[in-house]
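The values are calculated or read from the model by the stated rules, or taken from the named source; none is laboratory data. A quick note: this is a predicted structure, and the numbers were derived from the prediction, not measured. A quick note on method: Cβ atoms are made from the backbone with ideal geometry, for glycine too, and the neighbour counts reach across all protein chains shown. Just the protein is used for accessible areas: all its heavy atoms, side chains included, with ligands, DNA and RNA removed. Shrake-Rupley method; radii C 1.70, N 1.55, O 1.52, S 1.80 Å.
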Amino acid sequence: MRICIDGRYIADHYPGIGRYTYNLIRELGRVAGDSTLFVLIRPGAPNTRFDLGALSANDTVRLVAVDVGLTAPRQHIALRSLARDLRLDLFHAPSWTAPLLMPCPVVLTLHDLIPLVFPGPLRGYGRRLAYRTM
């Protein structure tokens, strides 16, 4: 299988989701067998916690640089195009910002529903609507 995991969360701004994503990739890379794991990374994103080089040391893991923000509307077009180019069988979004209309199945991990009750970082109607939609 050709699986893509959105590793753009492996950054200082996302300590919990970044840790989850990093460890998921590390462990899946160990048991991937004939599968290939494509990991999206954002060049220049501050990351002082995790060694991306250690992930790419595994033969089944391929780092793919994507210079688009996690909440940027253009990510939907860019990631859909990338999924086609990589001929993905599956895309995993480790948080609520999954790309829409992907040409392959998408798995989305939603860690909690706290933002629905305490919208803190989801200030503004647009962000709350996007969260609920995803």
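With contacts taken as Cα pairs under 8 Å at a separation of at least 6 residues, the chain carries a relative contact order of 24 percent. For the chain, the fraction of 1.4 Å probe accessible surface lying on carbon and sulfur atoms is 57 percent.
Summed over qualifying helices (DSSP H, 4 residues or more, each -39500 (n - 2.57)) and divided by its residue number, the chain shows a 222 nm mean residue ellipticity of -10000 deg cm²/dmol. Tell me whether the range 47-89 comes out rounded, prolate or oblate; compute the Cα gyration tensor, take square roots of the eigenvalues as a ≥ b ≥ c, and use a/c under 1.5 as the rounded threshold. Note, shape of the range 47-89 comes out oblate.
With charges set only on the Cβ (+1 for Lys and Arg, -1 for Asp and Glu), what does the dipole of the chain come to about its Cα centre, in debye to the nearest 20? In debye, rounded to 20, the chain gives about 420. Tell me whether the range 30-106 comes out rounded, prolate or oblate; compute the Cα gyration tensor, take square roots of the eigenvalues as a ≥ b ≥ c, and use a/c under 1.5 as the rounded threshold. Since a/c reaches 1.5 but b/c is at least a/b, the shape of the range 30-106 is classed as oblate.
Under 5 Å from the amide H of residue 90 lie the amide H atoms of 2, 4, each residue being 5 or more positions distant or on a separate chain, with H modelled from the backbone and absent for Pro and chain starts. The long axis of helix 75-86 is offset from the longest Cα principal axis of the chain by roughly 20 degrees. Specify whether the C-alpha gyration tensor of the chain places it in the rounded, prolate or oblate class, a ≥ b ≥ c being the square roots of the eigenvalues: rounded for a/c under 1.5, otherwise prolate if a/b is larger than b/c and oblate if not. Here the chain falls in the prolate category. Eigenvalues of the alpha-carbon gyration tensor of the range 65-134, scaled by 5 and square-rooted, set the equivalent ellipsoid semi-axes at 24, 13, 9 angstrom, largest first. Spin-label pair residue 54-residue 27: with each label point 7 Å from Cα along the Cα-Cβ axis, the two points sit 1.5 nm from one another.
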